[in-house]
Amino acid sequence: MINQAEHKVILSLFPNIGLLDRAFEECGFCVVRGPDILWGGDIRTFHPPAGLFWGIIGGPPCQDFSSMRPAET
């Protein structure tokens with residue numbers, strides 16, 4: 001039986017600690033981690049090559065550090 005995920009490259013944006021990445025890797029995908037502020041990366045300057053990735057995954061930002069989090073009063 002051939003693993004359908006084998007040799008499919010997935011781009012992981014905002015990987016943080018990589019829990020979503022791990023799940024995809026366990027299913028046989030090859031995960032490439034994009035920039036994450038946790039690791040000093042900047043998504044605004046990231047330009048991946050077109051046509052390389054089979055799919056993209058990304059998790060929501062940590063609410064404690066998200067700039068979209070409403071200010072507490």
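Read-outs throughout are calculated quantities, based only on the coordinates presented, and are distinct from any laboratory measurement. Here the structure is a predicted model, which means the values were calculated and not measured. Note that we place each Cβ from the backbone using ideal geometry, even for glycine, and neighbour counts take in every protein chain shown.
Long-range amide H contacts for Val31: which residues qualify at under 5 Å (H placed 1.01 Å from N, peptide plane, sequence gap of 5 or more or a different chain)?
For Val31, whose amide H was placed from the backbone, the distant partners under 5 Å are Ile10.
So who's got an amide H within less than 5 Å of the one on Ile57, skipping anything under 5 residues away but keeping other chains? H placed 1.01 Å off N, in plane.
Result for Ile57 returns Leu11, Ser12, Leu13.
May I ask you to compute the full-extension gain from Arg22 to Ile56, defined as 0.36 nm times their residue separation minus their alpha-carbon distance, rounded to one decimal in nm?
10.9 nm
Extending each Cα 7 Å along its Cβ direction at Phe46 and Cys30, get the distance between those two points in nm, one decimal.
About 1.9 nm separates the two model spin labels.
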